[in-house]
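Okay, so here's the structure we're looking at.
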Amino acid sequence: MVPTIDELEQYFDYVNRLVVHALTAASPDLPSIQEALNRLWLDISRFGPPGLPSLPNIRVPALGAFEVPPPPPPPPPPKSLINNAGDYIVQHPWKTSGMVVSALGAGLLVGYGVIHMRSFKGRRVKVTSPQSERRQAIVILGGDHPLGLPLIIEFEKQGYIVITSVSSPEAVSDIEGKGHGYIRALVLDPNEPGTIPIFLRSLASTLSRRFPITAAGDPYASTPYHPLVHSVISLLTMPTTSIHCAPAPFEQISLRSTYLPHLLSTHVAPLQIIQALLPLLRADAPRARGHKSIILCLPASDARVGLPFGGVSAMSAAATLRAADVLRREIAAAQGMSAIRIVTVDVGAVGSSTSDPGVGVNADDWTPSQKTTYGTAISTLRETRGSRVPVDVSVFVDNLVGVASAGTKGRCSGKVIFGVSLGLVYEKVKDWIRGDRFSVGAGASTYAIASYLPPVLLDKLLVLPHLLVDIRNRLVPIPSPGADPASNCTVRSMTAASHPETASGTRTTPLARQQSIGQVPAVSTAAVISESHPDPDEQEVVSDADAESNDGDLESTGVGSSWVSLGPRESPE
């Protein structure tokens, strides 16, 4: 049952009376609480609150000066995105490099993919248009060179018109028959200066005709697609096997009958043709696309170092190399010719045709002193020649095609990965690294590195093979081998008839071994002087080497086994 308000008031009144009565009964002297509170309220209202007694003076031990510590510094502002990125790069350099390379690769992939798709769409639109005729012509001087035919065929396969020179009319049909109508062979004999103007007139006529040459109709009919000279490649500057390139000491070289014809055929003739073609290259440069080039192929050993007994080819190659350098600098300084490159190629051992350049030594017109002095050195040169394994001809051809096309038609230029022509980028970078002079073939890089050595060290290295062979000939007993039947059969028959003891096993001395290995007979000075110099006063003009070789007993010096008969022997007394 819920009590009412009256009942609650009665209850509170009852409790109040009970508490007052209990307090009054417990403390009779204490005034009532109500009276006390009323009196306290009246006093506070009239006089205010009573004052508090003063506290006693309490002394506390000194604690020293007390300073309020300064507030802590505010926190640093948060780092920006650039600062955080810089800290991350410093802490993780490899990860950052990988991310940068990946981003660049992705950007190149996307960019080249867009370019490739645009070019692909352009090709799809033009697929029904008629195919444009070939206009870029490659002039190859020396097409009948052993390296010429593979080069000609490859250039025609890459879409060029090839105009080449051959030394004889018989080779014209042979070379043109191996093509598909875009090869034109013209006669140019570098040994005959009179054929150079004829070749130039034929070349001008060829540049005004239509190709292919097998097409029906008038070959000289008017057409807007005349060939333009794109590149000139000289193989005439690489001497082939000839008597002019035979190893010979410098004092034996005939400058008029040996060096001058070689210089005219390998230096003067190619440069004269290049000189006549420079106006064409300069005039066609604005109309043609890409860079034009003049490529001069030189023997690596002659152009870089210059080996002993190779003075004829080395002097011609050095002259051609210097002419190429001067022409390159003139073009760089001229105006309107920046699109023409002058490139020199140092060719080493390439194919089987270049493994043994030169011919055998012909010592018939050598003096006895020259035979004695240079016989061992010539034999060493013949033993060390041809020791390198030549590279394949395709390596030489691919490098020249890459230079002439500026990397656009190299071996790897057609490779596409994920829609990007990475092969073309590789060929462009390769052509840029290759520069205006590079080496091709076995041994070419070795000669290129050796050319940077100090001359004193280089000379010592070139003499080292001769020194080793000379030590071998002195220490190892080598029986006298048979001489060259083509050059010494008559001399050997004379020796056998006049000295039967040679066939019976005469002891072989070091001098005789040197003569047999070099295949160059060291004739006795006394015998030659008695035949060609009957004057007794001239017998005193004899080199010390010849005099020493004839002193003492004939058998001990080895003259008894010489290839030339010296007459009856006198028994020692």
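The values are calculated or read from the model by the stated rules, or taken from the named source; none is laboratory data. Bear in mind the structure is a predicted one, so any value in this text is a computation, not a measurement. With ideal geometry, Cβ positions are generated from the backbone for all residues, glycine too; neighbour counts draw on all protein chains shown. The protein model used for the area step is the full one, side chains on, heavy atoms only, and it has no ligands, DNA or RNA in it. Shrake-Rupley method; radii C 1.70, N 1.55, O 1.52, S 1.80 Å.
So is VAL403 in contact with a strand residue (DSSP E or B) (Cβ under 7 Å, 6 or more places away or on another chain) and either modelled with pLDDT under 90 or not in a loop (DSSP other than H, G, I, E, B) (or both) or not? Judged against the criteria, VAL403 is a match.
Here VAL229 clears all of (1) buried (at least 17 other Cβ atoms within 10 Å of the Cβ); (2) touching a Lys or Arg at 6+ places or on another chain (Cβ under 8 Å); (3) over 30 Å from GLY410 (Cα atoms) except the condition numbered (3).
The set of residues in region 162-191 being within 33 Å of the chain's Cα centre (by Cα) and β-branched (Val, Ile, Thr) consists of VAL162, ILE163, THR164, VAL166, ILE175, ILE183.
For ALA221, which of the numbered conditions (1) closer than 30 Å to HIS291 by Cα; (2) touching a strand residue (DSSP E or B) at 6+ places or on another chain (Cβ under 9 Å); (3) hydrophobic (A, V, I, L, M, F, W, C) fails to hold? If we test ALA221 against (1) closer than 30 Å to HIS291 by Cα; (2) touching a strand residue (DSSP E or B) at 6+ places or on another chain (Cβ under 9 Å); (3) hydrophobic (A, V, I, L, M, F, W, C), just (2) comes out false. With respect to (1) under 23 Å from VAL403 (Cα atoms); (2) surrounded by fewer than 14 Cβ atoms within 10 Å (Cβ to Cβ); (3) in contact (Cβ under 8 Å) with a residue 60 or more places away in the chain, the lone exception for GLN275 is condition (3). Within region 279-300, the residues that satisfy the criterion of being modelled with pLDDT of 85 or more and either open to solvent by less than 30 Å² (accessible area, probe 1.4 Å) or under 16 Å from GLY435 (Cβ atoms) (or both) are LEU281, LYS292, SER293, ILE294, ILE295, LEU296, CYS297, LEU298, PRO299, ALA300. A residue that is in contact with a Ser or Thr (Cβ under 6 Å, 6 or more places away or on another chain) and either aliphatic (A, V, I, L, M) or open to solvent by less than 60 Å² (accessible area, probe 1.4 Å) (or both) can be found somewhere in region 240-258.
Scanning region 241-262 for residues that are out of contact with any helix residue (DSSP H, G or I) (no Cβ under 8 Å at 6 or more places or on another chain) and not hydrophobic (A, V, I, L, M, F, W, C) turns up THR241, SER254, ARG256, SER257. Within region 289-327, being in contact with a Lys or Arg (Cβ under 8 Å, 6 or more places away or on another chain) and either in a loop (DSSP other than H, G, I, E, B) or more than 23 Å from GLY143 (Cβ to Cβ) (or both) holds for one residue alone: HIS291.
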